[in-house]
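Below is one structure, written out as structure tokens; comments come after it.
Computed from the coordinates by the stated procedures, all read-outs in this text should not be read as laboratory data. Here the structure is a predicted model, which is why all the values come from computation and not from measurement. FYI the Cβ positions are ideal-geometry reconstructions off the backbone, even for glycines, and counts take in every protein chain you see.
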Amino acid sequence: MPKDESVYSYSAVLMGSPILLKLFRRDEALAGRVFALIKRYEDLFTVNRAESEVMDINRAAGQRPVSVSAAVYQLIKCAKAASVPPASAFNLAIGPLVKRWRIGFQGDSVPPEVDIQALLAITQPQDVLLDDARQSVFLAKPGMEIDLGAIAKGYIADRVRDLLRKEGVREGLINLGGNVQTLGAPEGGWSIGLQKPFAASGELVGAIEVVDKSVVTSGTYERYFEQDGRRYHHILNPHTGYPLDNELDSVTIISTDSLDGDIWTTLLYGAGVEAGRQWLARRPDIEAIFVTKRREIFLSSRRHFRFTLLDDGYRLID
Ligand code: ADP
Ligand code: MG
Ligand code: MG
């Protein structure tokens, strides 16, 4: 097994995020291909620029279906399936609400209630109409917008893993701005830090050890603004149009695919600790760590990870 000193790290900034690739061989060419792959997918999925396939779909809302590439179609189809169940807090059609709130961007403030009510009418996932034969997507109402911001990184992290595996990489790690995907087990496992909510970046509450797994954390501390003594963060409740409000500071998912990690962090944010635990009981392939505002940490079965508590201001609950 490789020792620590043989780690080669490659970094870039893509998707507005720091990207880190770790390999146990020196391979600049492969690193270059990984970053090019990430950029190619970013160009398809982004809604932060004028041009992308997702922007083509959004611009044609209420007018016509748009045929898209296999990757975009596949990801939208998967995102719709996760969005449609009535209890789901995940919603791929959340775009107009995200744009209106502008959370974490200049000029963010609480929108008037009437605006939010109006936008709820054009954020319905069942109005995203798919046609498998044409590989096309039609947003049925004018003003609708797909937003893949919560899942694009997970999808891309999985494709990077696939590429590395195909290239014979047995042990490697890609960190796509918080979506960590790993191959193999250097020295028994990868250790991934769990950020302490609302503390300086890099201050940890714990360490998660995994082998061949993705680790994704979503936290209300990541992006928010304050108004009249209240905090408004960037994960919205698609049923109310306001930020999700419950006992959670962060949700971490340990899973094989980082795409599942992305979807499940949002689902479990919406479910909260009690209901979330029941959902997890039916999905042994999905593991979770909840960090609550009361400084409690809940861990699921731990079949697929090990956890070390690093901050004695927190306590484990079961
Ligand atoms: P990041 O990885 O950039 O921190 P997250 O994975 O935490 O982002 O997802 C937050 C982003 O997802 C928001 O900025 C927004 O674009 C989008 N989003 C917000 N609420 C929802 C929701 N309920 N369902 C799906 N996407 C959402
Ligand atoms: Mg994310
Ligand atoms: Mg996040």
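The tail of the calculated P(r) for the stretch 146-191 beyond 17 Å holds 37 percent of all Cα-Cα pairs.
Shown here are the Rg and Dmax of the Cα trace of the chain, at 19.6, 60 Å. Subtracting the Cα-Cα distance of THR308 and GLN117 from 0.36 nm times their residue separation leaves 64.4 nm of extension gain.
Taken over the stretch 1-109, lysine pairs spaced eight or more positions apart, or on distinct chains, with alpha carbons under 28 Å apart number 7. Judged by the ratio a/c of the largest to the smallest principal axis of the C-alpha gyration tensor, the stretch 271-312 counts as oblate, that ratio being 1.5 or greater while a/b is no larger than b/c.
Using the Cβ atoms and a cut-off under 14 Å, what net charge is assigned to the surroundings of LEU310, where Lys and Arg are +1 and Asp and Glu are -1? Charge balance near LEU310 sits at 0. Taking a ≥ b ≥ c as the square roots of the eigenvalues of the Cα gyration tensor, the stretch 172-229 is prolate, since a/c reaches 1.5 or more and a/b is larger than b/c. Here the relative contact order of the stretch 41-83, from alpha carbon pairs under 8 Å that lie six or more residues apart, stands at 26 percent.
Charged side chains reduced to their Cβ positions (Lys and Arg at +1, Asp and Glu at -1) give the chain a dipole of some 380 debye around its Cα centre. With the convex hull of its Cα atoms as the shape, the stretch 65-200 has an orientation-averaged projected area of 12.0 nm².
May I ask you to work out the translational diffusion coefficient for the stretch 102-182 at 20 °C, viscosity 1.002 mPa s, via Stokes-Einstein with Rh from the Kirkwood sum over Cα pairs, reported in whole µm²/s? Once the numbers are plugged in, D ends up at 131 µm²/s. Please compute the contact order of the stretch 1-134 in relative form: average sequence separation of alpha-carbon pairs under 8 Å and at least six residues apart, divided by the residue count, as a percent. Dividing the mean separation by the residue count of the stretch 1-134 yields 13 percent. Sorting the segments 304-311, 213-220 by their residues' average number of neighbouring beta-carbon atoms within 10 angstrom, most packed first, yields 213-220, 304-311. Applying 1/(1 + (r/R0)^6) with R0 = 41 Å to the Cβ-Cβ distance of LEU20 and ILE317 gives a FRET efficiency near 0.80.
In the stretch 1-99, if every C-alpha pair distance is counted and binned at 10 Å from zero, what percent goes to each bin? Per 10 Å bin, starting at 0, the Cα pair percentages come out as 13, 33, 28, 17, 8, 1.
Go ahead and estimate [θ] at 222 nm for the chain from helices alone: -39,500 (n - 2.57) per DSSP H run with n ≥ 4, summed, over the residue count, rounded to 500. It comes out at -9500 deg cm²/dmol, rounded to the nearest 500.
When peptides 264-271, 121-128 are sorted by average Cβ neighbour count within 10 Å, with the highest value leading, the order is 264-271, 121-128. Do you know the relative contact order of the chain, to the nearest whole percent, from alpha carbon pairs under 8 angstrom that are 6+ apart? With pairs under 8 Å counted, the relative contact order is 16 percent.
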